[in-house]
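Here, each number is a calculation from the coordinates, and none is a lab measurement. The shown structure was predicted, so the numbers you read here are calculated from the model rather than taken from an experiment. Note: ideal-geometry Cβ built from the backbone for every residue, glycine included; neighbour counts use all protein chains shown.
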Amino acid sequence: MHRKGHVGASLVVYAPLGFLVTALASIEVGLVGAAGVASLAMVPDLDMRVPLVKHRGITHTVWFALLVGVAFGIVGLAAGLQGGGVEALLFGGAAFLFGAVTIVSHLLADALTPMGIRPFAPVRDTEYTLDLFTAANPLANYALLGMGGVVAAVALVTGDAVPV
């Protein structure tokens, strides 16, 4: 997929987390999360700019998603330490999910294309693809972007309506 498709996919995958964040915190926090996943949606494709790193290689695996999740989790844990142990664990867990979900959404979008992904490489080299449309298909990319916008908006508005 291209940028628009990946942004849309990130918003679709973020929607359940966005609902929870909005319901438990505020719509502003939910919107910041949505903007965050959208802005980080292309991180796995940084492999195209790094010499000797194969495109859709290590940055397109669950291992990379876990690594990004752990990195975000550590930052979240540190940020939450001011509020005590429970708050630190909540911040860390939410940040882990945020980082991992962002990468997983990219993988899911790439799995829609004929090239597919090998999410468990190098442990298992099985390729996964739904082969629905090419990455450059503008209709598919705009459809994913539109769907992501609608799904995320509904999740955030619904989360804001939950009485706390």
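Here the relative contact order of segment 41-164, from alpha carbon pairs under 8 Å that lie six or more residues apart, stands at 20 percent.
Considering only the other residues whose Cβ falls under 10 Å of the Cβ of ILE117, what net charge follows from Lys and Arg at +1 and Asp and Glu at -1?
Values: positive: ARG56, ARG118; negative: ASP110, GLU127.
Local net charge: 0.
Between the amide H of LEU112 and those of LEU130, distances stay under 5 Å, these residues lying 5 or more places away or on another chain, with hydrogens modeled in the peptide plane. From the residues ALA135, HIS6, VAL50, which one has its Cα farthest along the dipole of the chain in the positive direction, the dipole being from +1 and -1 charges on Cβ of Lys/Arg and Asp/Glu about the Cα centre? Of the options given, the answer is VAL50.
Taking a point 7 Å from the Cα of VAL32 along the Cα-to-Cβ direction, the residues of segment 47-83 with backbone N closer than 18 Å to it are 72-83.
Fewest to most neighbouring Cβ within 10 Å: what's the order for VAL37, VAL101, VAL164? It would help to have the intermediate numbers written out before the result.
On the way: VAL37 27, VAL101 24, VAL164 6.
Fewest to most other Cβ atoms nearby, the residues stand as VAL164, VAL101, VAL37.
Could you compute the FRET efficiency for LYS54 and LEU90, with r as their C-beta to C-beta distance and R0 at 30 Å, rounded to 0.05? Kindly include the intermediate steps, with their values, before the conclusion.
Numbers: r = 37 Å, r/R0 = 1.24.
After rounding to 0.05, the efficiency reads 0.20.
GNM remark for the chain: springs join alpha carbons under 10 Å apart, and the peak mean-square fluctuation among PRO51, PRO16, PRO114 falls on PRO51. Size descriptor for the chain, Kirkwood hydrodynamic radius: 16.3 Å (Cα pairs only, one decimal). In the elastic network of the chain, a GNM with C-alpha springs shorter than 10 Å, the most mobile of GLY18, GLY57, GLY80 is GLY80.
For segment 67-164, applying the loop criterion from DSSP together with a ceiling of 15 other beta carbons within 10 Å to the chymotrypsin sites (Phe, Trp or Tyr not before Pro) yields PHE120. The coefficient of translational diffusion for segment 49-100, derived via Stokes-Einstein from the alpha carbon Kirkwood radius under 10 °C and 1.306 mPa s, stands at 136 µm²/s.
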